[in-house]
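One structure is given here, and the rest of the page talks about it.
The values are calculated or read from the model by the stated rules, or taken from the named source; none is laboratory data. Fair warning: this is a prediction, and the values are worked out from it, not measured in the lab. Every residue, glycine as well, gets a Cβ built from its backbone with ideal geometry; the counts of neighbours run over all protein chains shown. Ligands, DNA and RNA are stripped out before the accessible areas are found, and what is left, the full protein with its side chains, is counted by its heavy atoms. Shrake-Rupley method; radii C 1.70, N 1.55, O 1.52, S 1.80 Å.
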Amino acid sequence: MERWTAAHVRQRVGELAELLADTVAGGASVGFLAPLAHEEAAAWWQERAEATAAGRLDVWAALDDADRPAGTVSLAYPDKPNSRHRAELVKLMVHRSARGQGLGRRLLTTAEDAAAAAGITLLHLDTETGSPAEQLYRSAGWTEAGTIPDYAASPAGGLRPTTLYFKRLSG
């Protein structure tokens, strides 16, 4: 697992776009509709590089045996002074070829450990209700805070609820 700088993200935008498109094609609700065009996915990652350069986002990537991104996770940091103790866990993605091997858990643990080391004491996230990701978060000690109906469209386009989770960390 490596923390990637903005330069890393920019250098690997094409491969990261492939990971994002595969994640969406696999049915994961990460904010995009299927099919996701490579150009749209690449533009989204380019914006993430800018957020990383500005210190608003940290990105970690796990590489497969061919040195391609097999998974990523990010922490988004708020810009308000009263919320600097927390971060949002965003875009935990695992390529379909790497699922079921514990990579999602390792990515999650990496982000949690890095957040705690940085003095973050509270993490939060939202995930599609009933998704496989929900089981991962629950088994990792995240607490359900509530569900919002019809929150976002699934990759197929139907409206789905989302469940909010949080986790307290020791700094």
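Quick look at the numbers
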quantity	calculated
Any hit, the range 76-86, residues being polar (S, T, N, Q), on the phi < 0 side of the Ramachandran plot and surrounded by 14 or more Cβ atoms within 10 Å (Cβ to Cβ)	no
First in the range 21-37 and under 13 Å from Arg96 (Cβ atoms), second anywhere and of a type in the set (Phe, Trp, Tyr) and open to solvent by less than 50 Å² (accessible area, probe 1.4 Å), Cβ under 7 Å, 6 or more apart	Val24/Phe32
Pair list, Cβ under 7 Å, 6 or more apart: the range 125-147 residue touching a residue at least 24 places away in the same chain (Cβ under 8 Å) and part of a strand (DSSP E or B), other residue open to solvent by 30 Å² or more (accessible area, probe 1.4 Å) and of a type outside the set (A, V, I, L, M)	Leu125/Glu88; Glu128/Ser29; Glu128/Arg160; Thr143/Phe166; Thr143/Lys167
Condition check for Thr127: surrounded by 19 or more Cβ atoms within 10 Å (Cβ to Cβ) and either touching a strand residue (DSSP E or B) at 6+ places or on another chain (Cβ under 8 Å) or closer than 19 Å to Asp58 by Cβ (or both)	yes
Check on Glu112, surrounded by 14 or more Cβ atoms within 10 Å (Cβ to Cβ) and acidic (Asp, Glu)	yes
Residue tally, condition assigned to a loop (DSSP other than H, G, I, E, B) and either in contact with a Phe, Trp or Tyr (Cβ under 8 Å, 6 or more places away or on another chain) or among the aromatic types (Phe, Trp, Tyr) (or both), over the range 1-51	3
Residue match in the range 54-74 (condition: out of contact with any strand residue (DSSP E or B) (no Cβ under 6 Å at 6 or more places or on another chain), more than 24 Å from Ala25 (Cβ to Cβ) and surrounded by fewer than 14 Cβ atoms within 10 Å (Cβ to Cβ))	yes
Failed item in (1) surrounded by fewer than 17 Cβ atoms within 10 Å (Cβ to Cβ); (2) touching a residue at least 12 places away in the same chain (Cβ under 8 Å), with Val94 passing the rest	(1)
Some residue of the range 156-164 being in contact (Cβ under 8 Å) with a residue 40 or more places away in the chain, of a type outside the set (A, V, I, L, M, F, W, C) and in contact with a helix residue (DSSP H, G or I) (Cβ under 6 Å, 6 or more places away or on another chain)	no
Per-region count, the range 131-171, residues more than 17 Å from the chain's Cα centre (by Cα), at pLDDT below 95 and open to solvent by 70 Å² or more (accessible area, probe 1.4 Å)	3
